[in-house]
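Have a look at the structure below, then the notes.
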Amino acid sequence: MRFSVSKHRFAGNPYIALLLQIRLTASSMNQAWHWLRDRLFSRNSTTSQLPCFWQTDMHSHLIPGIDDGVQTTEQAMTCIRQLAAWGVQKIITTPHINQSFYPNKPAAIRAGGEALRQQLIDEQLPVDLEVAAEYMLDEGFPAHLDGDDLLSFGSGRFLLVETGLVARSLQLEEILFQIQARGYTPVLAHPERYHYFYNDPNALQRLRELGCLFQLNWMSLSGRYGPGPKKQAKLLLKHNWVDFFGSDMHRPEDLPKLQELLDSPFYEQLQTQPLRNQTL
Ligand SMILES: [Fe+2]
């Protein structure tokens, strides 16, 4: 009604009429694009009603026995079966690579991924499985960067990185720069878990300005890591700073905490985030 009144008022002005026409055309094109995009990029419309609308889980520890994640193939399959039932169509699993505890080599991660993929085929579970890694930004990381065999994911060459939870790395900004200089896009795993970012949203904002993307942990919203990370997770949602959403699941015992989110108010908020999971 408001539109038709203003249209009527300016009906005699050819310039306004032209502007209105252009605006209508742009609006129609926008609608057409969304229609086309939904059909071209939706992997499987039959699963669109399932809760995991983000379709790809890009952070987990599901290669048996190589880090603190699952220890057996059966545990991995229990996790994957449930993710699939919730609508996850693709899993990019990301074992730890760090100097102190899990100095995993890319070849071993790829081999573990291949064995798990075979298991999925044997069980006829319709889930794509890829491997990447969660890199600790420790003293060993520059050698990985120099070696040019980094396990990144997606067409954006996304590189999942983490730091220690308590102490801030003094070289963090420099390392993020180096990662980007090599053509990768840094994705900081679970920024809500780092104590040194508590009550410091400006520091998080600064990382984003430096080109670092953020991955929120699914279980942070369920309180799995305590009230601090949950509060920070809410902050990330409030600022629309969630570029990727990941389960970071380590074992079947994590499944009830994942389920909790699906029934919580945060689930709706998640739908307004600029998530890139669906593009992977
Ligand atoms: Fe992780």
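All of the numbers you see were taken from the coordinates with simple rules; none came from a lab. Just so you know, these numbers come straight off a predicted model, no measurement behind them. When we count neighbours, we look across all protein chains shown, and the Cβ atoms used for this are built from the backbone with ideal geometry, even at glycine.
Residues in the range 238-251 carry Karplus couplings, in order, of 4, 8, 6, 9, 9, 7, 9, 10, x, 6, 6, 6, 10, 6 Hz; the curve used is 6.51 cos²θ - 1.76 cosθ + 1.60 with θ = phi - 60°, and Gly or Pro positions show x.
Taking amide H atoms as placed 1.01 Å from N in the peptide plane, the amide H of MET58 lies under 5 Å from those of ILE92, SER247, each 5 or more residues away in sequence or on another chain. Taking a point 7 Å out from the Cα of THR279 in the direction of its Cβ, the residues of the range 152-182 whose backbone N falls within less than 12 Å of it are 154-158. For the range 63-214, a crude dipole built from +1 on the beta carbon of Lys and Arg and -1 on the beta carbon of Asp and Glu, taken about the Cα centre, is about 280 debye to the nearest 20. For the Cα trace of the range 128-251, dividing Rg by the Kirkwood Rh returns an Rg/Rh value of 0.94. Each peptide among 50-56, 256-262 gets the average number of other Cβ atoms lying within 10 Å of its residues, and from highest to lowest they stand as 50-56, 256-262. The string of couplings for the range 131-138 from the Karplus curve (6.51, -1.76, 1.60, θ = phi - 60°) is 10, 9, 7, 10, 8, 6, 7, 10 Hz, one whole number per residue in order, with x for Gly and Pro. Relative to the current alpha-carbon distance between ARG81 and ASP146, full extension at 0.36 nm per residue lengthens the span by 19.7 nm.
Across the range 155-168, coupling constants 3J(HN,Hα) worked out from phi with the 6.51/-1.76/1.60 Karplus curve, θ = phi - 60°, read 5, x, 6, 6, 10, 7, 10, 9, 10, x, 6, 9, 8, 6 Hz, and Gly and Pro carry x. Calculate the spin-label point distance for GLN259 paired with VAL127, positioning each point 7 Å from the Cα along the beta-carbon direction, and give it in nanometres. Those two pseudo-labels are separated by 1.6 nm. At a Förster radius of 35 Å, what calculated FRET efficiency corresponds to the Cβ-Cβ distance of LEU210 and ASP68, to the nearest 0.05? With R0 = 35 Å, the Cβ-Cβ based efficiency is 0.75.
Of the peptides 210-216, 178-184, 248-254, 69-75, the order by per-residue mean of other Cβ atoms within 10 Å, starting with the highest, comes out as 210-216, 248-254, 69-75, 178-184. With the simple model of a label 7 Å out from the Cα in the direction of the Cβ, LEU170 to GLN269 spans 3.6 nm. Cα-based values for the range 46-279, radius of gyration first and Dmax second, are 16.7, 49 Å. Highest average first, the peptides 160-167, 196-203 ordered by how many other beta carbon atoms sit within 10 Å of their residues are 160-167, 196-203.
When only the Cβ of Lys, Arg, Asp and Glu is charged (+1, +1, -1, -1), the dipole of the range 128-280 relative to its Cα centre reaches about 600 debye.
Pairs with C-alpha atoms separated by more than 24 Å, drawn from the list LYS234/LYS257; LYS90/LYS238; LYS231/LYS257, are LYS90/LYS238.
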